[in-house]
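Below is one structure; the comments refer to it alone.
The values are calculated or read from the model by the stated rules, or taken from the named source; none is laboratory data. These numbers were taken from a predicted model, which means no experiment stands behind them. Methodologically, a virtual Cβ is constructed for each residue, glycine included, from the backbone with ideal geometry; neighbour enumeration extends over all protein chains shown. To get the accessible areas, we keep the full protein, side chains included, count just its heavy atoms, and leave off ligands, DNA and RNA. Shrake-Rupley method; radii C 1.70, N 1.55, O 1.52, S 1.80 Å.
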Amino acid sequence: MVNGVGIVCLQPFASRLLARFAPLRVLGVSWLFVGTGMGLVGFAHTTTEFALAAVVWTVGEVGAGGVAAGLVANLAPTGAHGRYQALYGWSQAVAKVIAGAVGPAVYVTAGPAALSIGCVVVALGCCVTAFRVAPAFHRPSSRNIPCADRQDARRAAC
């Protein structure tokens, strides 16, 4: 409940602020916040600690929410925005199903500390990867040029 309210209240303000930064860098930091917040849950013992963990991952979700969908829209070629958004939504659903199976299995077999540390490690890996590939998204490309207007070898791939 608190998470959803936080996202709804903060998203409009955060969108304007985050628009100043490279989308993949925003996503990288956001994923780090989400993973760290989820990781903190495993070490929380009081209501205050659980609430603090929820605040940390909520900040990450606020950052990732609009930026990810916008990035997918920007990557989509002309006329394929719906397919790209559908695939993005589908991939999130698959990730939630996998996490719903892997998370409890890790918790039961390796313990809550391993699951918490794993969340932070995966988030750190995602953050580093996003920062490493971010410069490639600032290079000019012909990905949004309609197939009929392309003069390069990729025209045949359309």
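Give the separation of the Cα centroids, segment 1-73 to segment 115-132, in Å. Segment 1-73 and segment 115-132 have Cα centres separated by 14 Å. Legend: P(r) of segment 39-84 from all alpha carbon pair distances, 5 Å bins from 0, whole percents, reading 5, 20, 17, 12, 11, 9, 10, 7, 7, 2, 0. Put simply, segment 1-119 fits an ellipsoid with semi-axes of 28, 19, 11 Å; these come from the alpha carbon gyration tensor as the roots of five times its eigenvalues, largest first. Highest-first packing order for the peptide set 35-43, 97-105 is 35-43, 97-105, based on the mean count of other beta carbon atoms within 10 Å. When the solvent-accessible area of segment 1-42 is split by element, carbon and sulfur atoms take up 78 percent of it, the probe being 1.4 Å.
Amide H contacts of Ala76: none lie under 5 Å away among residues 5 or more positions distant or on a separate chain (H built 1.01 Å from N in the peptide plane; Pro and chain starts excluded).
Could you tell me which of rounded, prolate or oblate describes segment 58-140, using a ≥ b ≥ c as the square roots of the eigenvalues of the alpha-carbon gyration tensor, with rounded for a/c under 1.5 and, failing that, prolate when a/b is larger than b/c and oblate otherwise? Prolate, because a/c is 1.5 or more and a/b exceeds b/c.
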